[in-house]
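Read the structure below first, then the notes.
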Amino acid sequence: MFSLKQNCWFIRKVVIWRAVASIAWSVLLLPVTSAVFVLLSRFSLFHPIQWISECTSLLTASSTIFSLVVLCGVVLITGLFNLEFYTLVPSIPCSRMALLGTVLHPRQCVHSLVYCTMGMLVMWCASVTIGGRYSTLGIPCKQSESGEVVTCLNEYHLFLLLAGAFMGYSHSFLGVVKNMYYVSFQPIQQYKYPRFKGCLPMVVKCSVIQSLYSARNFAALYFFFGYVPKTWISSTLHLQIDSSLQPLDSLTGLLDFSLLYHLSISGTFLYFTWYLTVLLFRIYVTEAYSFPVQSTFTEDAEQCLPKVLAETNTLVMKFLALQDLALLSQHSLSRRLEVFSLSQPGGHPHNWNAISRECMSLLSELTQRLLAHQDAVASNGRVKSQSDVSETPRLSVPLRTPGSVFTSSVGGMHSALTAPFTPDVDSPFSSPAIRRLVGQQEPRSPWFGTVQSPHIMRRGPKLWSASTGETARLKLSYLHKIFSSNVQLPEASSQALFADSQAHIWALQGLSHLVAASFSEDQFGVVQTTLPSILSCLVVLLEAVDRHFKLPHASSKPVRTVCSMGDSTYKTLRFALRAALKTAIYKITTTFGEHLNAVNISTEHRKRLQQFLEFKE
Amino acid sequence: YGLLDEITNSAEEGMSLTHCNHAAFAVRRFSLWASSFHGSLFPHLTLSSDEMVAEFSQMLDWSDSALRSFAWHPHTDKFAVALLDDSIKIYKSNSSPTPTLKHRCQRSVCALQWKPLCGSALAVACQSCLLIWHVDPASLSTRPSSGCAQVLSHPGHSPITSIAWSPTGSLLVSASPVDTSMMVWDVAAESAVPLQRVGGGGVTYLSWSPDGSRLLAATPSALFRVWETRMWTCERWPCLKGSCQSACWSPDGGCLLLSMQGERVIYALTFSDLTGINNTYSSPVTAFFLMKNHLKQLFCPPFFSGSSFVLRAGDSQADNHPSVIAVFKTRSSPVFELLPCGFVMGEAGAEPRFMQFHPHFQHGALLTVCWSDGRISHVPFYFSSAGLLGGDSPQQALASNTTNPSSNKLYTEQIS
């Protein structure tokens, strides 16, 4: 499973161990959560002593131990899925169709299936633990006419199992929609235990809310379609249906307080187990890692900060290295001095050169990306003639666009024009991080698809109308109407452009703090040589960002999500980047002040910097 | 307890729900007992929201003060004033228009602070939320729309009585006396990380050290904490008597001066490491100073400006003694020292309510004082070593409309 990932020392030595530690902690916490679940599920207000004694005897029973073993397996698989699917750059579908394609993707289907099974397993454990009428699938019952005892289907047990499958699917589904596997970094550093303690109430709240939602939805679903699985199970397993009991897919059957209580309690337990695993994984993976700035041994050279920053294949290492750079630039005098130091034979500022070069290339890459997007939008804005159809350079890049899904769905007769929906590593579900992690050269950066999506969406109909007759056009306009009303999710393209901007924010912080610190700490003046290029790089980026925020939807704020485990930090990254960029320029201008006039930069940039010197930005 | 009251009453009205009545009565008794217990543990929780703001605001007599809060911009000649009608005015040194900020969430403004390393952002602590105004310095508009304001709120985190930007401008911390956790905001992303410590019952006052390595958080109880901002762990400092009222840091962040409620001394804490990297321990209290008898209560923080000044205001309850501001010179090396320097008095009947040093006055130090009669005056101190003549009289006024510089009597000696 991880054979391809192990190329990099960092994955091998750090990430894997962090994941193992997080899984180990989730397994260790399992008995605690199970005990709480047992206490809550057997809760009786009027017989407290009996309640406690029952629970203690249950906790030591063999069935509970077996359930724990099964739950450990579930947690293990959840942890492995976390490690396999986690991403530092969220995949942002730019339209409803792309989202649909993501949800229906084979890889996602497998994921859903596994989660359904795990949900059923957990619910089976829960029903065994609750005991009573939930414990087994078959129960002996008397037939009303003959009076003989036969095995009947226990609908309560089935109800809980199906609820588990439903919750598993909805977890997997919401995982895609809400980017559950996106791991974001906190703005402040905390030790793992305080952070865990601080997040725990949020996780409990989320799992309770999610469980209540799921319980409601499942009850409604079961009310309408409950008879289907019921009859199927009873016919395949040759179980009778006890007609003397109230069927659960009726209003009176569902309005059973104890049933709903147990359903929501078990659902909470189920979600809590999964969310806890996700939380621990996030905490462990985002923990800061301190890379050495320079090493005396040549074999450790690849683990030093300048080398690690230049690495592009292992995204998690690059992110942690940039975070480390931002931290050392603010908090660590001794490591800053190492950055500014000269190499021993030769006297070259290799460390500073490598670090500043890497940061600036990151920033200028973002500038290029923004400019390309602006060009694309600008050329899209004007009315295109039919001749534009001929130049379709981007159609050769098929995937992840509304157009591709669109054409594949109506394709067949025009296979030459359609791009097949190819489910592979290039799929929408696998994030760029995964792609980079498996060592494959990424065909395009994550923003590319979003840039092209408006192109193709508007071009698609034109292709049709240009090449086919009136019927096709009618059909198409109908389809177009369905999707085009809300085809482009507002601000999604803007979000996708800045999806990996956490890296840029750290680069800006690191660079600006190092430059500011160099004013007093840089003994050899190594920073001064790069100061003009750093300043112009920042100003150019600022201009591009300013222009981007003039685009429609770019400055609209996302709706704040209520309690959810899915992290929505990526939705506001562009604002964070703009703030970080301005702060970075201010940091440099306030430190250097009038000395900036001696720096050799172009007049326009100087004019812009003068605005910063006067605090007019 | 409205519901419980209702149940009790309805049961008393002759309905035969005696069980329910008893149960509701018991629950009500219990909850009353619990709240009174909680209230006796933390008396400030029994205050209403406005009373709490008035109690913990840095502005003295906040509730009837014409000026609710005041803040200098850290880098330019610009300051913001919150007025009694909950509007905020921004004054600049030149004759450019003075924008008035109004927002429907902007009620009971308790604190203002400009974002460092930024020209436009102003954080406002309100009763229900935190507002971040983005006032474009180049704009000529006098009424920026409420679209220029970001609203940050967190359930259970109001009223907000203190805010502090990190010196790098990347984080904003807000505190509420009813919330045991303080919020660390990433303002642009509008996300908050709660940092909770239960002891103390809330956080009333925050102060970030100028080097950014430490943050003071005072609680309503006799306890304050000093957080280090690298890994966000804290040291607990149980005070001797009363809660910490206000505090200020030395410019290098190595020394913290504190004033306590009901005590006439200033405490100083020195921190051994200035860089804040390796060492998290600090040395204990090293100095305290007794005040003159007629200064009954400390109410304003001593402020550092540059490296040479501490000021504190004394509130005189005794007859015939006007309130004065005491000025101290400080020296941080070789040992920390406070030297009495003089007093600043207002007009007859006017009492100082709030004061702040101009953060980067070129020629010495500029103290801005908000008086009880609604005036704001600027008191410059010229250092003779800076090449200018030592001057006692207030010579310049930046905001002419609220200032009456000639009215101040200044009994200060010449400053070395």
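The values are calculated or read from the model by the stated rules, or taken from the named source; none is laboratory data. Just so it is clear, the model here is predicted, and its values are computed rather than measured. Here Cβ is always computed from backbone atoms with ideal geometry, including for glycine, and neighbour counts include all displayed protein chains.
Within the option set A:TYR193, A:TYR227, A:TYR156, being more than 14 Å from chain B (Cβ to nearest Cβ) and out of contact with any Asp or Glu (no Cβ under 8 Å at 6 or more places or on another chain) holds for one residue only, A:TYR156.
If the condition is being crowded, with 22+ Cβ neighbours inside 10 Å, in contact with a helix residue (DSSP H, G or I) (Cβ under 9 Å, 6 or more places away or on another chain) and assigned to a loop (DSSP other than H, G, I, E, B), then the range B:190-217 contributes B:GLY202, B:THR204, B:SER213. Pull out all pairs, ordered by first then second residue, where Cβ-Cβ is under 6 Å, the residues are six or more apart or on different chains, the first lies in the range B:204-233 and is at pLDDT 90 or above, and the second is hydroxyl-bearing (Ser, Thr, Tyr) and not in a loop (DSSP other than H, G, I, E, B). What qualifies is B:TYR205/B:SER162; B:LEU206/B:SER162; B:LEU216/B:SER207; B:ALA218/B:TYR205.
If the requirement is being of a type outside the set (Ser, Thr, Tyr), over 21 Å from A:GLY164 (Cβ atoms) and without any contact (Cβ under 8 Å) to a residue 24 or more places away in the chain, which of these qualifies: A:ALA19, A:ALA61? Being of a type outside the set (Ser, Thr, Tyr), over 21 Å from A:GLY164 (Cβ atoms) and without any contact (Cβ under 8 Å) to a residue 24 or more places away in the chain holds for just one of A:ALA19, A:ALA61, which is A:ALA61. Among all positions in the range A:547-556, there is at least one residue which is part of a helix (DSSP H, G or I) and in contact (Cβ under 8 Å) with a residue 60 or more places away in the chain.
With respect to B:ALA326, determine if the residue is assigned to a strand (DSSP E or B), at pLDDT below 50 and farther than 30 Å from A:LEU328 by Cβ. Answer is no for this residue. Condition test on B:SER170, is it within 12 Å of chain A (Cβ to nearest Cβ), over 24 Å from B:THR270 (Cβ atoms), crowded, with 24+ Cβ neighbours inside 10 Å and touching a strand residue (DSSP E or B) at 6+ places or on another chain (Cβ under 8 Å)? So B:SER170 passes the test.
Restricting attention to the range A:592-606, does a residue exist that is at the interface with chain B (Cβ under 10 Å from one of its Cβ atoms), at pLDDT below 95 and surrounded by fewer than 21 Cβ atoms within 10 Å (Cβ to Cβ)?
Looking only at the range A:592-606, we keep the residues that are at the interface with chain B (Cβ under 10 Å from one of its Cβ atoms), and these are none.
No.
Go through the range A:560-588 and give me each residue that's more than 9 Å from chain B (Cβ to nearest Cβ) and either assigned to a loop (DSSP other than H, G, I, E, B) or without any contact (Cβ under 8 Å) to a residue 12 or more places away in the chain (or both). Answer for the range A:560-588, where residues must be more than 9 Å from chain B (Cβ to nearest Cβ) and either assigned to a loop (DSSP other than H, G, I, E, B) or without any contact (Cβ under 8 Å) to a residue 12 or more places away in the chain (or both): A:THR561, A:VAL562, A:CYS563, A:SER564, A:MET565, A:GLY566, A:ASP567.
Of the residues making up the range B:195-213, just one is hydrophobic (A, V, I, L, M, F, W, C), closer than 11 Å to B:SER181 by Cα and more than 13 Å from chain A (Cβ to nearest Cβ), namely B:VAL203.
Restricting to the range A:130-153, give me the number of residues that are of a type in the set (Val, Ile, Thr) and not in a strand (DSSP E or B).
Keep residues of the range A:130-153 that are of a type in the set (Val, Ile, Thr), which gives A:130, A:136, A:139, A:149-151.
When the remaining residues are screened for being not in a strand (DSSP E or B), the result is A:130, A:136.
Looking only at that region, the number is 2.
Look at (1) within 11 Å of another protein chain (Cβ to nearest Cβ); (2) buried (at least 16 other Cβ atoms within 10 Å of the Cβ); (3) of a type outside the set (Gly, Ala, Ser); (4) closer than 18 Å to B:MET183 by Cβ and you find that B:PRO155 fails only one, number (2).
Of B:PRO167, B:PRO194, all but one fail to be touching a Phe, Trp or Tyr at 6+ places or on another chain (Cβ under 7 Å), of a type outside the set (S, T, N, Q) and either touching a residue at least 40 places away in the same chain (Cβ under 8 Å) or within 21 Å of B:GLU55 (Cβ to Cβ) (or both); the exception is B:PRO167.
Taken over the range A:557-591, the criterion of being closer than 17 Å to A:GLN528 by Cβ and buried (at least 20 other Cβ atoms within 10 Å of the Cβ) is satisfied by A:LYS587, A:ILE588, A:THR589.
Each row is one residue, and each column tells you yes or no for (1) in a loop (DSSP other than H, G, I, E, B); (2) touching a Lys or Arg at 6+ places or on another chain (Cβ under 7 Å).
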site	(1), (2)
A:LEU248	yes, no
A:SER258	no, no
A:LEU263	no, no
A:THR268	no, no
A:THR277	no, no
A:ARG282	no, no
A:VAL293	yes, yes
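A:THR590 passes all but one of (1) touching a Phe, Trp or Tyr at 6+ places or on another chain (Cβ under 7 Å); (2) closer than 24 Å to B:SER166 by Cα; which number fails? Of the numbered conditions (1) touching a Phe, Trp or Tyr at 6+ places or on another chain (Cβ under 7 Å); (2) closer than 24 Å to B:SER166 by Cα, the odd one out for A:THR590 is (1). B:SER176 fulfils the conditions (1) under 20 Å from B:HIS73 (Cα atoms); (2) polar (S, T, N, Q); (3) more than 11 Å from every other protein chain (Cβ to nearest Cβ) except for a single criterion, (1).
State yes or no: is B:ALA189 within 11 Å of chain A (Cβ to nearest Cβ), of a type outside the set (Lys, Arg) and farther than 26 Å from B:PHE328 by Cβ?
Working: within 11 Å of chain A (Cβ to nearest Cβ): yes; of a type outside the set (Lys, Arg): yes; farther than 26 Å from B:PHE328 by Cβ: yes.
It is true that B:ALA189 is within 11 Å of chain A (Cβ to nearest Cβ), of a type outside the set (Lys, Arg) and farther than 26 Å from B:PHE328 by Cβ.
Scanning the range A:495-506 for residues that are more than 14 Å from every other protein chain (Cβ to nearest Cβ) and at pLDDT 95 or above yields a count of 1. So, A:SER329, is that one assigned to a helix (DSSP H, G or I), under 31 Å from the mean Cα position of the chain (by Cα) and within 14 Å of chain B (Cβ to nearest Cβ) or not? For A:SER329, the condition - assigned to a helix (DSSP H, G or I), under 31 Å from the mean Cα position of the chain (by Cα) and within 14 Å of chain B (Cβ to nearest Cβ) - is met.
For the structure I just gave you, tell me whether A:VAL204 is β-branched (Val, Ile, Thr), within 30 Å of A:SER234 (Cβ to Cβ) and at pLDDT 90 or above. No.
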